[in-house]
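The structure appears below as structure tokens.
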Amino acid sequence: MEKNTSISIVSEIMNEFADLTGLSPVGNMPRRYLWTDAFAVCNFLELYRQTGDAEYKELALRLVDQVHTILGQHREDDKRTGWISGLDKQEGLKHPTIGGLRIGKRLNERRPGDVFDEHLEWERDGQYYHYLTKWMHALNCVSRVTGDSAYIIWAMELAKTAHARFTYLPSSGSRKRMYWKMSIDLSYPLVKSMGHLDPLDGFVTYNQLKAATKKFGKLTFPDLEAEIADMADICEGTNWVTDDPLGIGELLLNAFKLVQLTINGNIKQTDMLENLLDSSFRGLEYFASSNPLKLPAEYRLAFREFGLAIGLHAVQKIQKLIKQKPFFDKKHPLHVWIESLMRHAPIVEMIEKFWLESTNRKASTWIEHRDINMVMLATSLAPDEYLTL
């Protein structure tokens, strides 16, 4: 697809998203959802970079403010009010992420003592660690574009809070674990199992934030060394293989971030990169062999496929980067893995072309997840800002 055509489509998608969710014009009851909004921030910044139109930067900054003032505070249907951190109004505005950020689900959280319903839990509010790391990344992108260190500080304050509340040391073990879902105020776990990729997200994102502080010289930032060490320990020996297309995409995204951090001297080479690429390839081979992209739209989840497409865009960028900056020796297995993964690059066009067809966007699976589908399609069509550290 021509670059100008892609940007035109992305602009149309994101303007519609802004209107639908109460971002522009500002609605009385804006609809905010943390995962979706993290991608949307990056998309608006990409449109600003591509077009030079300052309105897109303004939309990104307005979205950040809405997320913080809505998802950083208690729900309208909750007896509690104000910032979920417990800070007063003014201090909350200075530190909007220090209590974490709500997911933005339709229903209020499950209270202690309520019966657990696995199906209903997907509709209930709370905090997800992997959504918080996505928001840390979005804030990092805003800081890079604006040159404002406040966004990095907010991302790092969020990192420290999330890490402290989501990680724990089991009574029968010496290695920390993580909860998958926490209550809105982070006082108790809602789902005690650990998200497969959560520790990886944490390790890479913390290192990304640490690296981002260097451009601000002698300014003081929160210290994430202990948190990085924790995540490295949790990640040790983990098998990352998954057949979920979104999960595969996240592995590839994190691999690209590790390549950038390594080349820029912000992290030492480890076997983690090889592990991620090996796991990605095995998952991708299984995904391709099962041929799910031949199914009709009613049996497909667009946002999960877009996650894979974005990850494959990251592989393309790894290939270009290691040619431009030959940091890795020619005998390094990275080169072999990238060549192998690039054989699946046509999947990107297959996914994007399928969901750009208006008839496929009439399927219930698209309509039920419209906001997230829209923004992740836009990211796949113009991924540069989202993929940049």
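A short reminder: the numbers here are calculations on the coordinates, not readings from a lab. These numbers come from a predicted model, not from an experiment. Positions of Cβ are generated from backbone atoms using ideal geometry, with glycine treated the same way; all protein chains shown enter the neighbour counts.
Worth pointing out:
- Cα centroid separation, the stretch 338-380 to the stretch 100-168 (Å): 25 Å
- Among the listed pairs Lys79/Lys192; Lys294/Lys330; Lys134/Lys362, those beyond 32 Å (Cα-Cα): Lys294/Lys330
- Length added when fully stretched, Asn291-Ser172, from 0.36 nm per residue minus Cα-Cα: 38.6 nm
- Available extension along the chain between Arg31 and Glu225 is 66.3 nm, counting 0.36 nm per residue and deducting the alpha carbon span.
- Of all DSSP beta bridges in the chain, antiparallel share, percent nearest 5: 90 percent
- The aspartates and glutamates within cross-link reach of Lys331, meaning a Cα-to-Cα straight distance under 20 Å and a gap of 8 or more places when in the same chain, are Asp271, Glu274, Asp278, Glu339.
- As a proxy for reagent exposure, Ile98, Ile248 were ordered by neighbouring Cβ count within 10 angstrom, fewest first; the result is Ile98, Ile248.
- Given Lys57/Lys257; Lys218/Lys317; Lys105/Lys160; Lys57/Lys210; Lys160/Lys214, the pairs whose alpha carbons are separated by over 26 Å: Lys218/Lys317
- Relative frequency of Cα-Cα separations exceeding 38 Å in the chain, percent: 14 percent
- Distance from the C-alpha centroid of the stretch 178-236 to that of the stretch 8-65: 26 Å, rounded to the whole angstrom.
- Loop chymotrypsin sites (Phe, Trp or Tyr not before Pro), the stretch 322-389, which have at most 11 other Cβ atoms in a 10 Å radius of their Cβ (DSSP): none
- Estimated FRET transfer efficiency when R0 is 51 angstrom, pair Glu123-Glu2 (beta carbons, to 0.05): 0.80
- Span-like helix check, the chain: qualifying full DSSP H segments, with Cα axial length of 18 Å or more and mean Kyte-Doolittle of -0.5 or more, are 3-20, 34-51, 54-71, 129-146, 149-166, 198-212, 245-263, 272-290, 302-324.
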